[in-house]
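First up is the structure itself, then whatever we jot down about it.
The values are calculated or read from the model by the stated rules, or taken from the named source; none is laboratory data. For clarity, every value in this text was computed on a predicted model and none was experimentally measured. Cβ atoms come from the backbone with ideal geometry, glycine included; neighbour counts cover every protein chain shown. The area values use the complete protein model at the heavy-atom level, side chains included, leaving out ligands, DNA and RNA. Shrake-Rupley method; radii C 1.70, N 1.55, O 1.52, S 1.80 Å.
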Amino acid sequence: MTEAAASGLDERVLGRRWTVRLDAAERGSAAVRVSCSRPSCEQQRLPSAAAGRAAAVTHLKAHLKAAAAPREEAYCACRAESCHTHVRPADRQPRAQPWRCGGAVVLAVLTDREGRWWQALECCSRCAAAMPGAKIVTTAAGPGAPAPSGPTISVPAPAGRPSAAPAGAPRFSDVAPQGAGPRPAPSPRSAPVRHRRPPGKIAQRIVPHDLQPEVLRDELVELGDLFRAYQKRAEPDLALLADLHDRKARAFLTWADVTDDVNLRLEARRAEQAAAAARSQHRHRTGGGADADGPTVARLLSAPSQWQHARSVLAHVGDHSPLPGPEARLLTVMLTLRTAHTGSGNLVGQDVTALGLTDPEGLVEQLTGCGWLRIPGTVADLLASRPENPTPVTVPSLVPHEDDAGPFAFGKKMRPKLSGWAQRVVSDKKLRKAKAPAGARLLALTLATRTEADGRLGPGGEGVGLESLAAWCPVGPDALPHAVDLLIAADWLTDAALSGAGLTGRLAERVLPLTCPLR
């Protein structure tokens, strides 16, 4: 391009440009401010960002309707700021041109992805094509060409004054001179747009519109809609959720077979695990199988992890009990739960005397004498202590060290839940009324952790073996039938049968909230 040609282009009129912005009205407020770069447009204040965007888009559309057609003699408005489409003369290389404009002059619209500003500008069609996201509103007619066909906007104006926008519309500071021809509206599209089915989405994945077989695509799209609908439910339905995860697992396995995508197989496996977890939670909530119609059981310990922690305490005490016999085992369990997290805790006299021990003072003296328990004063002081002045106790074997975090995996918030659960079991009203000995209370505590969700004893409701029972509840063979009879009389056990193989039966419905199901 010659210098004369460049000079000629520089003498062309600069293209128009205006920007509509959306900004926060003030700090700490949801209100926004809509402003336009045209000096004749006043700012607007809106109560929310959504209302502000709607007002900004309406304002810009009114500008576009009121604007004159692109001027053939205008050069690109973006060139004034040396946009990436142009090359400044000062940076010109030997073979570089000062700009790369071409094509008809157009009126284009740009916006940012966040919806904070909208800009309309007059530029060449080549520059508009080089701007990401630019949309052409209308194009200037060439020399001698007729005006674009289609509806026009004709705005009457008072005599002797330039044409103005209709009442309520934005006004331009560079309105067309009086007598200017009608302003063409954007021409309609010459060809119809072919609409595709909207893409489906499931598990953050887009379902391809051409996925075959079509029945698989329809299933994936439907599942995505069902999962999104489930998230909007006011109340959870774990049985329904498990069924959805099962369908998802089958669909993703088929999808993986079609596309040979290993990630889809992994997603199908996760869906199977999610279905199993949802069914397990449903079983725990309803107190029976997945199709149980019975009432929901609100358990004192509500999570499977809490049930497992309760069993871990009983198993630990069974392996590390300092003294033999059911009374020593029961007291050791309760003291372990009081000191499980740090090895120390507080105790009052009633915590010991309420366990139904024959000689609580002598038993505490044996525990302190063998070094398993430490107390600051005498045993008599411990048994006389009250809630307003508890006695601090320590179990040295439970104190964590730098290289040993202790025998239990639960934290300080879980410990009082487990301790409260055990206290509720051994202090059951009917057990206290029957003056149940320590062996019967320890048996009740053990059976509460060895049941199914519906209260049946043992894994699968097949009962608890005598060896397993003796490991956690050291009640002698002669005393075990009496303890079972006492639990039946206290409405703790029903349908109980004791044989050489073990103890079968079911826990009473009233004590189901105190149970820790096996699965």
Average accessible area per residue (Å²) across region 344-395 - probe 1.4 Å, nucleic acids and ligands excluded: 52
In straight Cα distance, which lysines are under 29 Å from K433, not counting same-chain residues fewer than 8 positions off? K417
Need one number: nm distance between label points at R126 and K435, each 7 Å from Cα along Cα→Cβ, rounded to one decimal. 10.8
Using θ = phi - 60° and the Karplus relation 6.51 cos²θ - 1.76 cosθ + 1.60, list the HN-Hα couplings for region 55-60 in order, rounded to whole Hz, with x at every Gly or Pro. 5, 5, 5, 4, 5, 5
Near the amide H of A508, under 5 Å away, which other amide H atoms are found, from residues 5 or more places off or on another chain, if H is placed in the peptide plane? L493, T494
Taking 432-444, 268-280 and ranking on average Cβ neighbours within 10 Å, highest first, one gets 432-444, 268-280
Where nothing but the Cβ of Lys and Arg (+1) and of Asp and Glu (-1) is charged, how large is the charge dipole of region 217-262 around its Cα centre, in debye to the nearest 20? 200
Dipole-positive endmost among A234, H209, L223 within region 202-242 (Cβ charges, Cα centre): A234
Net dipole in debye of region 205-348 [+1 Lys, Arg Cβ; -1 Asp, Glu Cβ; about Cα centre; nearest 20]: 780
Along the charge dipole of region 364-519, pointing to its positive end and built from +1/-1 on Cβ of Lys, Arg, Asp and Glu, which listed residue (V475, L431, L373) has its Cα farthest out? L431
Amide H contacts of T451 (H built 1.01 Å from N, under 5 Å, at least 5 apart or other chain): G458, C516, L518
Give the cross-link partners of K232 among the lysines, using a straight C-alpha distance below 26 Å as the criterion and excluding same-chain residues fewer than 8 apart. K201, K248
Phi-derived 3J(HN,Hα) across region 255-260 with the Karplus relation (6.51, -1.76, 1.60, θ = phi - 60°), rounded Hz, x for Gly and Pro, is 4, 5, 5, 6, 9, 6
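What percent do you get for the relative contact order of region 335-454 when only Cα pairs under 8 Å and 6+ apart count?
Computed over region 335-454, the figure is 33 percent.
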Reported to the nearest 10 Å², F227 has, with a 1.4 Å probe, an accessible area equal to 40
Report I206's accessible area, 1.4 Å probe, all protein chains in place, as a number in Å² to the nearest 10. 100
Just to confirm my numbers, what's the Cα centroid distance between region 426-492 and region 14-83 in Å? 78
Aspartates and glutamates with Cα under 16 Å of K430, excluding same-chain neighbours fewer than 8 positions away: D485, D491, E509
